[in-house]
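See structure below.
The values are calculated or read from the model by the stated rules, or taken from the named source; none is laboratory data. Please read these numbers as outputs of a predicted model, since none were measured by experiment. FYI the Cβ positions are ideal-geometry reconstructions off the backbone, even for glycines, and counts take in every protein chain you see. SASA here: full protein model, heavy atoms, side chains in, ligands and nucleic acids out. Shrake-Rupley method; radii C 1.70, N 1.55, O 1.52, S 1.80 Å.
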Amino acid sequence: MGRESVEVDKLAVKGDAGMEKRVGAERKTEMEKRVGAEDDIERDMEKGEGLEKELSELEEENERLRRENELLKEYRASLPLKERLYDRVPLTVKQLDIIIGVLLAGLVFVVALGLLDR
């Protein structure tokens, strides 16, 4: 065991110059990391301020949309029954008018056939 520790000490003495370079390089990279971390913290603080601004802008937008939604609810309540029915069916007004016209023509046709059979 004594022999191994002597060899390790010899390697340590021989490698001192290289070790100093490595330690110096490690310290340098550690310092660069610290400076980079400080820059990151500063950027995060700026982003935090930006996030607060974005949050307030989103709150304002949300409030505007709530007011708009209330106005739409009032408007829909004031619409006639026919138009409220059109809003509930996922078809265009033109398509619904065509369907209603075809059904009305069919009703007239059935009533006419009923009268002719008598």
> Any chance the range 64-78 includes a residue that's outside any helix (DSSP H, G or I), at pLDDT below 85, surrounded by 10 or more Cβ atoms within 10 Å (Cβ to Cβ) and not acidic (Asp, Glu)?
Replying inline: no
> Counting just the residues of the range 88-97 that are of a type outside the set (A, V, I, L, M) and open to solvent by less than 100 Å² (accessible area, probe 1.4 Å), which one comes out nearest to the chain's Cα centre (by Cα)?
Replying inline: THR92
